1. Under the condition of being in a helix (DSSP H, G or I) and surrounded by fewer than 22 Cβ atoms within 10 Å (Cβ to Cβ), which residue from the stretch 291-306 is farthest from the chain's Cα centre (by Cα)?
2. What residue, among those in the stretch 86-100 that are surrounded by fewer than 18 Cβ atoms within 10 Å (Cβ to Cβ) and at negative phi, is farthest from the ligand (Cβ to nearest atom)?
3. Hey, does the stretch 61-74 have a residue that's surrounded by 24 or more Cβ atoms within 10 Å (Cβ to Cβ), over 19 Å from residue 422 (Cα atoms) and touching a residue at least 12 places away in the same chain (Cβ under 8 Å)?
4. Looking at the stretch 283-298, is at least one residue modelled with pLDDT of 95 or more and more than 22 Å from residue 320 (Cβ to Cβ)?
5. Would you confirm whether any residue within the stretch 42-56 is under 23 Å from residue 455 (Cα atoms) and under 17 Å from the mean Cα position of the chain (by Cα)?
6. For the stretch 336-346, check the following and say yes or no: at least one residue is touching a helix residue (DSSP H, G or I) at 6+ places or on another chain (Cβ under 8 Å), over 17 Å from residue 251 (Cβ atoms) and assigned to a helix (DSSP H, G or I).
7. Mind checking which residues of the stretch 280-290 are over 22 Å from residue 212 (Cβ atoms) and part of a helix (DSSP H, G or I)?
Ligand SMILES: [Zn+2]
């Protein structure tokens, strides 16, 4: 007697192969047979006639470590068919926290994790005590977190002793089972790191078979040099590289996808172990402070707040922005492209653009941005439209680019339902399968599924997930290819995706008939000698 039998669906196995009709039998959390299962009996039988049966989606780039402790049912993700989330990205991880440093980290991460509490912990204790959740998690340690713990917000080269301190914390995290280290070189303190610091840490990663994941130094006017830096770290040290949310940001950089993808493809051909991911939207989301010139944040939050109220500093910001565009995002049409997502102190302006706030307050937009930031003590989060739809589609078509939401697990109720977060938190996977595959036809369904399952599993060196194979863990998503779609929008983001009927994690049904069963069967997956398991 099997635990589960999924009957009569179209199997898309995650390898990129075409759909085929087959049944799937599951026992003790694993797939035991794929084929004609006539004659097998099971406790639960799921009728998948007319639906696609795919591996559970792997969200290869997320920040759900900020919200899973508050929303363990992982609703905005599991309801898109996501069964595994890779967290601790862009240099930010919520562990390790050394004695006396919890408040520093909380202050630093509040623009991403305003509701989370922080406590002193080793990385290993963090993994052991991570709450039970509906999805599997793969953890990374953040370079910015390591730097904060070791040398605060200092803009300088680490001393030999500090370098050794960071390496020791990194080794501890890797021994505990972290996939690797992420960095966020676009903002302080990640951008204070020079290439020698990164190479030293990458050598530690390489020795352990771990991954170097990079939010590169620049995604706008110097994006190609930034991609080159990530590739060169892979080439110099032999470490596996994951380039996060690749994009061409800022009006001056649109249309350069051939160069962008060409560099990554050429590196792969030279044997560099480099992978990348993308979220399928023309807007990004970030703390508002990261759009200002980098010098504004030097010295930490207090120093920044002082500058935000200083007329001379604001004039200098204005000149820098006029010349170079917004930091990280390049030149945008106007401050109308920047919309407030989450503001802890002024919820009434969430959803308004900076231009709208400025005209309401009868001041100029930069002044308004500084005021909003000041009131929020630097913790305002925004959504900024800075990419071209043509580029987004061109990148999405590429088989070498995986799908990652760069979003958090949220819910339409409770503390994570506040503000106007980026719709990608709720819609990424459903948008690819509904809008781009079915409506626009720019990529095939088996390729799209591969980019969110088997391809990601390969990039993560995940041995027994990501593909529908006998013996693999039963992480399975059943969806209607004619119905699947994103419901979230920029104006109304807190809406679950549609068209996903059943989601199974480690053999347990989490979404049943489109509804959450409350099950929390997710595991913290650890990197070992054989990869992530
Ligand atoms: Zn990032």
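1. It comes out as 306.
2. 99
3. Taking every residue of the stretch 61-74 in turn, none turns out to be surrounded by 24 or more Cβ atoms within 10 Å (Cβ to Cβ), over 19 Å from residue 422 (Cα atoms) and touching a residue at least 12 places away in the same chain (Cβ under 8 Å).
4. Scanning the stretch 283-298 turns up at least one residue that is modelled with pLDDT of 95 or more and more than 22 Å from residue 320 (Cβ to Cβ).
5. yes
6. no
7. 288, 289
Residue-wise test of (1) touching a residue at least 24 places away in the same chain (Cβ under 8 Å); (2) over 14 Å from residue 283 (Cα atoms); (3) surrounded by fewer than 15 Cβ atoms within 10 Å (Cβ to Cβ); (4) under 27 Å from the mean Cα position of the chain (by Cα).
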position: 311; (1), (2), (3), (4): no, yes, yes, no
position: 315; (1), (2), (3), (4): no, yes, yes, no
position: 323; (1), (2), (3), (4): no, yes, yes, no
position: 327; (1), (2), (3), (4): yes, yes, no, yes
position: 332; (1), (2), (3), (4): yes, no, no, yes
position: 338; (1), (2), (3), (4): yes, no, no, yes
position: 346; (1), (2), (3), (4): yes, yes, no, yes
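The values are calculated or read from the model by the stated rules, or taken from the named source; none is laboratory data. Computed from a prediction, not measured in an experiment: that's the story for all the values here. In this analysis, Cβ positions are derived from the backbone assuming ideal geometry, glycine residues included, and neighbour counts consider all displayed protein chains.
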